[in-house]
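Working notes, structure below.
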Amino acid sequence: MDLGLKNRTALVMGGTKGLGRSIADALAEEGTALTISGRDQGRLDEAAAALRAKGATSATGVVADVASGDAMDHLADAAVAAMGSVDILVLNHGGPPQCTASEMTEDQLVKWFQHIVVSPIRIANKLLPAMRARGWGRIIVVGSTGMQQPIPNLALSNTLRASIWAWLKTMSGEVAKDGVTMNVLAPGTIHTDRTNESAAATARRKNIGFEEALAERLAEAAGQIPAGRVGTPGEYGPMGAFLASDKAGYITGSMIRVDGGRIRGMV
Ligand SMILES: NC(=O)c1ccc[n+]([C@@H]2O[C@H](COP(=O)([O-])OP(=O)(O)OC[C@H]3O[C@@H](n4cnc5c(N)ncnc54)[C@H](OP(=O)(O)O)[C@@H]3O)[C@@H](O)[C@H]2O)c1
C-alpha cells in the first residue's frame, strides 16, 4: 500500500532504536524525510545513515534529552531547519524504572513527569500551530497498554502515562477541525533493548544470568499474551506509518494497541 508519505516530514523522538526507531524505519520505507532525536550524536548518526539507506528522503539526528524543556525547543527548531516543516511528530522517550505504587518516590514522580508529560507537551505545543495553519498534521504518542490496564510493577509509567493520554484526548478534540490527528500507539510487550534492560535488572536482583532472566521474562510475558509470544519492533512501526498517513485522517483521539491480544477488555 502506498501511504502517500513521500512528501511528508517527520520528527521521531527516541528514534535511534526500539519502538521509535521502528516507526522511523517504516516511515523511511515510505520515503518520508526524517529527523530523529536521542542522547548521543554517534548513535543518531548511525541510525540516520541506516534510515537514508532504507529510503528516507533525508535523515538528520539531533541530540535532545527529554529531561530538558529547553532541549525540546532546540529540537523543534532543528527539525524545522533540517526539513522545512514537521508534518508528523512522534512523541517518545526511554521508559521509567520499574517500581510498585508503594515504592514510588516523589523525586521519581517529578523527574519522570518531565520526561513523559512536560517535554512531550512542550514540543507538541511548539509544532502544533504550524500544523494547524497548514491544515494537516499527525501526532503519535508511543504509549503502553498499561494506559488501559495498569501493569503492577510499572507504577511510574501507569501513573504518568494516564496524564499524557488525558492531554492527548483533550487536545485532539481542539485540533481535529484543522486536519491534525492525535493518537496513542500502545505496545504490549515488544522485544527491544528496554526488554533486555529489564531482564538485566531482574538478573541482578535474583543473582541469576542474563540469558536465564531474559528467557524467564519472555516466557512470563508470552504466558499472558493470546498470541503466545512477545512482539517484534517490525510488527509495531508499520502501524505508526499508517497512523501518519492520509489514509488514517479520520482516526483521532484513539488508542491503538499492538499487543498480540494481551488486553482482554472490550474498550
Ligand atoms: N518495548 C516495550 O515492550 C514497551 C512496552 C510498553 C511501553 N514501552 C515504552 O515505549 C517507550 C520506548 O520503549 P523502547 O522499548 O523503544 O525503549 P528503548 O529500546 O530503550 O529505546 C528508547 C529510545 O529513547 C531514547 N531515549 C532514552 N532516554 C532518552 C532521553 N532521556 N532523552 C531522549 N531520548 C531518550 C533512546 O535513545 P538513546 O539511547 O540513543 O538516547 C532510544 O532511541 C518507552 O517509554 C517504554 O517505556 C515499551
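I'd like to check something: does segment 141-150 contain any residue that is modelled with pLDDT of 95 or more, in contact with a Lys or Arg (Cβ under 6 Å, 6 or more places away or on another chain) and aliphatic (A, V, I, L, M)? Yes, segment 141-150 contains a residue that is modelled with pLDDT of 95 or more, in contact with a Lys or Arg (Cβ under 6 Å, 6 or more places away or on another chain) and aliphatic (A, V, I, L, M).
Hey, among 171, 182, which residue is assigned by TED's automatic domain parsing to the domain that holds residue 105, under 20 Å from the mean Cα position of the chain (by Cα) and not in a helix (DSSP H, G or I)? Answer to the check: 182.
If the condition is being of a type in the set (Ser, Thr, Tyr) and either at pLDDT below 95 or closer than 17 Å to residue 83 by Cβ (or both), then segment 12-34 contributes only 32.
Comparison of 82, 133, 78, 71 shows that the only residue that is within 10 Å of the ligand (Cβ to nearest atom) and farther than 25 Å from residue 186 by Cβ is 71. Only residues in segment 115-128 that are touching a residue at least 40 places away in the same chain (Cβ under 8 Å) count as the first member; pair them with residues that are among the basic types (Lys, Arg), Cβ under 7 angstrom, at least 6 apart or cross-chain, and list the lot. So the pair list comes out as 116/161.
Taking the criterion of being over 23 Å from residue 257 (Cβ atoms) and in contact with a strand residue (DSSP E or B) (Cβ under 7 Å, 6 or more places away or on another chain), the residues of segment 1-37 that qualify are 8, 9, 11, 16, 28, 32, 33, 34, 35, 36, 37.
Scanning segment 50-68 for residues that are within 12 Å of the ligand (Cβ to nearest atom), assigned to a loop (DSSP other than H, G, I, E, B) and either among the polar types (S, T, N, Q) or more than 15 Å from residue 93 (Cβ to Cβ) (or both) turns up just one, 68.
Please enumerate the residues belonging to segment 120-159 that are among the charged types (D, E, K, R) and in a helix (DSSP H, G or I). Passing the criteria: 122, 126, 132, 134. Note on segment 119-149: among residues that are out of contact with any strand residue (DSSP E or B) (no Cβ under 8 Å at 6 or more places or on another chain) and crowded, with 17+ Cβ neighbours inside 10 Å, the one that is nearest to residue 32 (Cα to Cα) is 126. Scan segment 6-49 residue by residue and report those that are among the aliphatic types (A, V, I, L, M), more than 11 Å from the ligand (Cβ to nearest atom) and within 16 Å of residue 192 (Cβ to Cβ). Across segment 6-49, the qualifying residue is only 26.
Table: residues versus (1) among the hydroxyl-bearing types (Ser, Thr, Tyr); (2) buried (at least 24 other Cβ atoms within 10 Å of the Cβ); (3) in contact (Cβ under 8 Å) with a residue 24 or more places away in the chain.
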| site | (1), (2), (3) |
| --- | --- |
| 13 | no, yes, yes |
| 17 | no, no, yes |
| 28 | no, yes, yes |
| 34 | no, yes, yes |
| 40 | no, no, yes |
| 49 | no, no, no |
| 53 | no, no, no |
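Pairs meeting the criteria (first residue in segment 196-223 and within 17 Å of residue 98 (Cα to Cα) and among the polar types (S, T, N, Q), second residue modelled with pLDDT of 95 or more and in a helix (DSSP H, G or I), beta carbons under 7 Å, at least 6 apart or on different chains) are 196/214; 202/213.
Name the residue, out of 201, 221, 166, 215, that is buried (at least 16 other Cβ atoms within 10 Å of the Cβ) and assigned to a helix (DSSP H, G or I).
221
Residues of segment 77-111 that are among the hydrophobic types (A, V, I, L, M, F, W, C), assigned to a loop (DSSP other than H, G, I, E, B) and either at pLDDT below 95 or exposed (fewer than 15 other Cβ atoms within 10 Å of the Cβ) (or both): 101 alone.
Every residue, every condition in (1) within 16 Å of the ligand (Cβ to nearest atom); (2) closer than 30 Å to residue 127 by Cβ; (3) modelled with pLDDT of 95 or more, yes or no:
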| position | (1), (2), (3) |
| --- | --- |
| 181 | no, yes, yes |
| 185 | yes, yes, yes |
| 197 | yes, yes, no |
| 204 | no, no, no |
| 211 | no, no, yes |
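Among the residues of segment 85-95, the ones that are within 14 Å of the ligand (Cβ to nearest atom) and of a type in the set (Val, Ile, Thr) come to 1 in all.
The values are calculated or read from the model by the stated rules, or taken from the named source; none is laboratory data. Quantities reported herein were computed from a predicted structural model and do not represent experimental measurements. Glycine gets a Cβ as well: all are built from the backbone with ideal geometry, and neighbour counts include every protein chain shown.
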